[in-house]
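Worksheet: the structure to be examined is printed underneath.
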Amino acid sequence: MFKGRQGTYNLVSGGVIAALYVALTVIANAMGLASGAIQVRLSEALTILPCFTGAAVPGLTIGCVVANLITGCAPLDVLVGPLATLIGALGTWLLKDKPFLAWIPPVLSNALIVPFVLQAAYGVPDAWGFLFLTVGAGEVIACGVLGLLLHSSLKRVPNLFQAP
């Protein structure tokens, strides 16, 4: 499945991305930012990484599953939350050559899906439209602002995601 140096490097890269996603989510959770109607998961800034490597897609998804388990999310959130991350990461990967647009898929997938999870799994009484706006605003901060800052920094590192 993972043949040669590049395959091993991709596997390790995906694992490191998953670990970073978990660590950043735990930090955001400790600050009260990782869940609820208004959330800014610092880890969502990493959804820009598929612009650099396809290994980020499974890494982000697995990281989201583990982060949701560790932070005590409801079972529905453990299943559906990572699906939103997967959809967003795939969208970013498809737009990898257009980073000024690549941050938008994770914002949209989370803004569309997470409000349903908040209502169904946690009984949040707010209207879906309100939750769409609040979750979307947090995603714009994490993916749009922080993600683009991360992209700007990482694009200056030559061969960052290439096997040595």
Original post:
Along the charge dipole of the stretch 4-154, Cβ charges K/R +1 and D/E -1, which of I104, V16, V78 sits furthest on the positive end?
Top reply: V16
Original post:
So for T47, T61, T92, fewest C-beta neighbours within 10 Å to most, what's the order?
Top reply: T61, T92, T47
**OP:** Show the residues, 5+ positions off or on another chain, whose built amide H is closer than 5 Å to the amide H of L95.
**Re:** none
**OP:** Note down the magnitude of the dipole of the chain about its Cα centre, charges +1 on Lys and Arg C-beta and -1 on Asp and Glu C-beta and zero elsewhere, to the nearest 20 debye.
**Re:** 600
Subject >> Loop trypsin sites (Lys or Arg not before Pro), the stretch 1-72 (other Cβ atoms within 10 Å of the site Cβ: 12 or fewer; DSSP) >> reply: K3
Original post:
Which whole-Hz couplings ³J(HN,Hα) result when phi for each residue of the stretch 134-144 is put into the Karplus expression 6.51 cos²θ - 1.76 cosθ + 1.60, θ = phi - 60°, listed in order with x for Gly and Pro?
Top reply: 6, 5, x, 5, x, 5, 4, 5, 6, 7, x
Original post:
Karplus couplings for the stretch 23-34 from phi (6.51 cos²θ - 1.76 cosθ + 1.60, θ = phi - 60°), rounded to Hz, Gly and Pro as x?
Top reply: 4, 5, 5, 4, 5, 4, 5, 5, 8, x, 9, 8
Original post:
What percent does the relative contact order of the chain come to when contacts are Cα pairs within less than 8 Å and at least six residues apart?
Top reply: 27
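Just so you know, all these numbers are worked out from the coordinates, no wet-lab data involved. Keep in mind that this is a model prediction, so the values were computed, not measured. For neighbour counting, all protein chains shown are included, and Cβ atoms are generated from backbone atoms with ideal geometry for every residue, glycine included.
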